[in-house]
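The values are calculated or read from the model by the stated rules, or taken from the named source; none is laboratory data. Fair warning: this is a prediction, and the values are worked out from it, not measured in the lab. Because the Cβ atoms are built from the backbone with ideal geometry, glycine has one as well, and the counts that use them run over all protein chains shown.
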């Protein structure tokens, strides 16, 4: 199996790794870069636990090859907090107990962040459709939807405050 | 496995032509990488087409729209003019998988994967879409319905690559629609899909194209169904005749998603509903 050197940006940091050409980006991020926030659930693009953004687009990292990340900008859950300051979505997931085992959580957080960037005031139906590619076997989804609604509300308030200043 | 990122379509075709082993095109990878992971394929060469400028972007031209083969479905959903002109094609593209899958999957890949249940293929056939096919020596433009041959097989030479999908310009008073039936609200594979595209003249259907998915070895155009509504105001008798023509065109399989009898019946029902939506989008009032 041939190996390729990949130069990419992950959460704003320049990263280089070498990986076999048929290795998934999921495996490369976890095992070569050491960022284990991204999880493997199904490995076939059905569960969304491995969700990341690549050049701002939400994708399943299990359905991307490591070599395809060359020259692209990747964001994972590790890039969501600002130092010790959690992202509002992370805070609301904790407040609303929107997780139990936690395997699906990084994927939900990334997918929800992409949704709120595009649509700061989504309806419950829009949230449920936007998160249809993320499976959770613990919560029954309701707490996750409430957490996303609460985070959206807080983020709208914060952005109003910013524009008033 | 060799991984190549050519910068022209010609180079992509040349790489395929020169490879002695198993070679595959990688666009969004949402079908290909799943099959590789399952051990169903072991490519010697992957040709990633996403660095080819001619395969990126959606262009609006005098002739209609040109959608590059590497354009992910999410970009179709974001393109306002495309959504206004071809709402049925765009709604079919938006039905594929989750938002995560939308970020990667392409309509050219949906076509070339050659699944009978592909959502965009009936919509493209109904729309009269063509594929720009490039080989090392020549380039040809082929109606979409001429390409799928059966499950997983395409009427393409080993070294041929689909560069873009072309959608024609549209007369005023036109509309298209795609509906699929799945047992849940999201994230499933079509039990039946139905696409209708029509143009009206003073409320009367002047031209129509109707295509079905998941009811035969390939998506199929049903000219008899189209003829049943041409010249009508989509009255109940015309719709009845059209639905019967759709059911008669079915040659489905029995599987866990649906029985033969069920698919045959639902094909007519869905085509009827899609025709009513397309008629309304074209400005018609029943």
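Check region A:11-19 and report whether any residue there is closer than 21 Å to residue A:115 by Cα and either touching a residue at least 24 places away in the same chain (Cβ under 8 Å) or within 16 Å of the chain's Cα centre (by Cα) (or both).
Yes: region A:11-19 contains one or more residues that are closer than 21 Å to residue A:115 by Cα and either touching a residue at least 24 places away in the same chain (Cβ under 8 Å) or within 16 Å of the chain's Cα centre (by Cα) (or both).
Just one of B:132, B:121 is away from chain A (no Cβ under 14 Å), modelled with pLDDT of 95 or more and out of contact with any helix residue (DSSP H, G or I) (no Cβ under 8 Å at 6 or more places or on another chain); which is it?
B:132
Please work out which residue is surrounded by the most Cβ atoms within 10 Å (Cβ to Cβ), limiting yourself to region A:53-102 and to residues that are at the interface with chain B (Cβ under 9 Å from one of its Cβ atoms) and assigned to a strand (DSSP E or B).
Restricting to residues being at the interface with chain B (Cβ under 9 Å from one of its Cβ atoms) and assigned to a strand (DSSP E or B), the top hit is A:60.
Looking only at region A:34-51, count how many residues are crowded, with 24+ Cβ neighbours inside 10 Å and more than 9 Å from chain B (Cβ to nearest Cβ).
Number satisfying all stated conditions: 3.
Could you tell me which residue of region B:175-190 is nearest to the other protein chains (Cβ to nearest Cβ), considering only residues that are within 26 Å of residue B:130 (Cβ to Cβ) and touching a helix residue (DSSP H, G or I) at 6+ places or on another chain (Cβ under 8 Å)?
B:180
Kindly list the number of the only condition in (1) closer than 23 Å to residue A:105 by Cα; (2) out of contact with any helix residue (DSSP H, G or I) (no Cβ under 8 Å at 6 or more places or on another chain); (3) touching a residue at least 12 places away in the same chain (Cβ under 8 Å) that fails for residue A:39.
With (1) closer than 23 Å to residue A:105 by Cα; (2) out of contact with any helix residue (DSSP H, G or I) (no Cβ under 8 Å at 6 or more places or on another chain); (3) touching a residue at least 12 places away in the same chain (Cβ under 8 Å) applied to residue A:39, the lone miss is (2).
Test each condition in (1) free of Cβ contacts under 8 Å to residues at least 40 places away in the same chain; (2) in contact with a strand residue (DSSP E or B) (Cβ under 9 Å, 6 or more places away or on another chain); (3) not in a strand (DSSP E or B) for residue B:142 and report the one that comes out false.
The number of the failed condition is (3).
Looking only at region A:107-148, count every residue that is in a helix (DSSP H, G or I) and over 17 Å from the mean Cα position of the chain (by Cα) and tell me the total.
6
Of the numbered conditions (1) more than 9 Å from every other protein chain (Cβ to nearest Cβ); (2) crowded, with 20+ Cβ neighbours inside 10 Å; (3) in contact (Cβ under 8 Å) with a residue 40 or more places away in the chain, residue A:127 satisfies every one except a single condition; which is it?
With respect to (1) more than 9 Å from every other protein chain (Cβ to nearest Cβ); (2) crowded, with 20+ Cβ neighbours inside 10 Å; (3) in contact (Cβ under 8 Å) with a residue 40 or more places away in the chain, residue A:127 is out only on (3).
Starting from region B:38-53, take each residue that is more than 18 Å from residue B:20 (Cα to Cα) and away from every other protein chain (no Cβ under 11 Å) and list its partners that are at pLDDT below 95 and in a loop (DSSP other than H, G, I, E, B), counting only C-beta distances under 9 angstrom and pairs at least six apart or across chains.
Listed pairs, sorted by first residue: none to list.
Quick one: count up the residues across region B:1-25 that are farther than 12 Å from residue B:55 by Cα, touching a strand residue (DSSP E or B) at 6+ places or on another chain (Cβ under 7 Å) and outside any loop (DSSP other than H, G, I, E, B).
9
Taking residue B:202 as meeting all but one of (1) on the phi < 0 side of the Ramachandran plot; (2) without any contact (Cβ under 8 Å) to a residue 40 or more places away in the chain, write down the number of the exception.
(1)
If you take the residues of region B:26-37 that are part of a loop (DSSP other than H, G, I, E, B) and more than 9 Å from chain A (Cβ to nearest Cβ), which of them is surrounded by the most Cβ atoms within 10 Å (Cβ to Cβ)?
B:27
So which of B:194, B:248 ends up being touching a helix residue (DSSP H, G or I) at 6+ places or on another chain (Cβ under 8 Å), over 22 Å from residue B:280 (Cβ atoms) and in the same structural domain as residue B:273 (by TED's automatic domain parsing)?
Matching residue, one of B:194, B:248: B:248.
It is to be established whether one or more residues within region B:156-171 are more than 14 Å from chain A (Cβ to nearest Cβ) and under 22 Å from residue B:216 (Cα atoms).
Yes.
Could you pull out every one of the helices (runs of 4 or more DSSP H) wholly within region B:58-116 that has 3 or more residues that are away from chain A (no Cβ under 14 Å), in contact with a strand residue (DSSP E or B) (Cβ under 9 Å, 6 or more places away or on another chain) and modelled with pLDDT of 95 or more?
B:80-85, B:87-94, B:107-112
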